[in-house]
1. I want to confirm something. Restricting to the stretch 143-152 and keeping residues that are out of contact with any Leu (no Cβ under 8 Å at 6 or more places or on another chain) and in contact (Cβ under 8 Å) with a residue 60 or more places away in the chain, which single residue is nearest to the ligand (Cβ to nearest atom)?
2. Quick check, is residue 155 more than 19 Å from residue 123 (Cα to Cα), within 14 Å of the ligand (Cβ to nearest atom) and buried (at least 23 other Cβ atoms within 10 Å of the Cβ)?
3. Being within 12 Å of the ligand (Cβ to nearest atom) and modelled with pLDDT of 95 or more narrows it down to one residue among 178, 164, 195; which is it?
4. Any chance you could count how many residues in the stretch 198-207 are more than 8 Å from the ligand (Cβ to nearest atom) and assigned to a strand (DSSP E or B)?
5. Would you tally the residues in the stretch 105-137 being over 18 Å from residue 163 (Cβ atoms), in a strand (DSSP E or B) and of a type in the set (Val, Ile, Thr)?
6. Does residue 93 satisfy the criteria of being closer than 30 Å to residue 207 by Cα, without any contact (Cβ under 8 Å) to a residue 40 or more places away in the chain and not in a loop (DSSP other than H, G, I, E, B)?
7. From the residues in the stretch 69-89 that are part of a helix (DSSP H, G or I) and over 15 Å from residue 34 (Cα atoms), which one is nearest to the chain's Cα centre (by Cα)?
8. Filter the stretch 138-152 down to the residues that are in a loop (DSSP other than H, G, I, E, B) and surrounded by 16 or more Cβ atoms within 10 Å (Cβ to Cβ) and list them by number.
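The values are calculated or read from the model by the stated rules, or taken from the named source; none is laboratory data. As the structure is a prediction and not an experimental result, all values here were calculated from the model. Here the Cβ positions follow ideal geometry from the backbone for every residue, glycine too, while neighbour counts run over all protein chains shown.
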Amino acid sequence: MKKVQIRDCTIFNADCMEVLPTLEPVSLCVCDPPYGCAFVSNMRTVSEQPPMLANDEKPHLEFVPPIVRAVKPDSAIYLCTRFAEFSLWENALKDAGATVKTPIVWDKTVHTMGDVYCDYGNQVELILFAHIGRPRLRRGRPLNLWTIPREPSGPHPTPKPVELFKRCILNSSDPGDLILDPFLGSGTTAVACILTGRRFVGCEISSRYFDLACERIERTYREVDNRLPGFDLFQEYAPEQQGSLFG
Ligand SMILES: C[S@@+](CC[C@H](N)C(=O)[O-])C[C@H]1O[C@@H](n2cnc3c(N)ncnc32)[C@H](O)[C@@H]1O
């Protein structure tokens, strides 16, 4: 197990199953576990094709109980998934003691190919929104349809847009809170935490993606440092609240 501290980000190059029981309780978990569908991107790039993700041959529901145990009372969990595996993750969260609420529908603005003759083009993914206790949503009552363009694959095959995770973080945590992502990938949740003034702890099992996440975290801190004095980071990066019932 390797541990690196970059300012307010603590990241482990390790299996999250080893790390999760050792962590101090966190105020929010935002996670994007391996899809459980043996995903390999078919995007052609000039660089070498990224390999299949670790633990992606089936949904590893054993990740769920230690994630639920890692969050403080009255805290939220956001878990990204797809239609096919949605109910498996939903039941695993309930079995582990979490309350599962209305899912968030992420409109990626482009559809995947899939079965071009007999199926609809799928343009959305789902985010399970669950909690322990009754954490309040911090920014009014947001609606659950989020239109955010997908991030093209690059050195990591399945990066999520920073905007997507910033929205989870701003809705369900406060500045200075400690946020967890056990499946860091390219480091998107850590970047979203830096840009919103939260502390971060996370794990990535692949050393290739761990190194990528470390570089990205360092680059984000450099970019933030280079802002002009008096620049209001939170104002600049506060995303448009989309469709809040309370305006
Ligand atoms: C769907 S990707 C996450 C992508 C990430 N949200 C991003 O924006 O880049 C899942 C990641 O979990 C990692 N992973 C798989 N099993 C793991 C485990 N047991 N512990 C920690 N990381 C794991 C994979 O290597 C992969 O990078």
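1. Only one residue fits best here, namely 152.
2. Working: more than 19 Å from residue 123 (Cα to Cα): yes; within 14 Å of the ligand (Cβ to nearest atom): yes; buried (at least 23 other Cβ atoms within 10 Å of the Cβ): no.
When the stated conditions are applied, residue 155 does not pass them.
3. Details: 178 fails: within 12 Å of the ligand (Cβ to nearest atom); 195 fails: within 12 Å of the ligand (Cβ to nearest atom).
Selected residue: 164, the only one of 178, 164, 195 that is within 12 Å of the ligand (Cβ to nearest atom) and modelled with pLDDT of 95 or more.
4. Adding up the residues that qualify gives 4.
5. Looking only at the stretch 105-137, we keep the residues that are over 18 Å from residue 163 (Cβ atoms), and these are 111-122, 128, 130-136.
Next, only the ones that are in a strand (DSSP E or B) stay: 128, 130-132.
Adding the requirement that they be of a type in the set (Val, Ile, Thr) leaves 132.
So the count comes out to 1.
6. It is true that residue 93 is closer than 30 Å to residue 207 by Cα, without any contact (Cβ under 8 Å) to a residue 40 or more places away in the chain and not in a loop (DSSP other than H, G, I, E, B).
7. Only one residue fits best here, namely 70.
8. Matches in the stretch 138-152: 142, 148, 150, 151.
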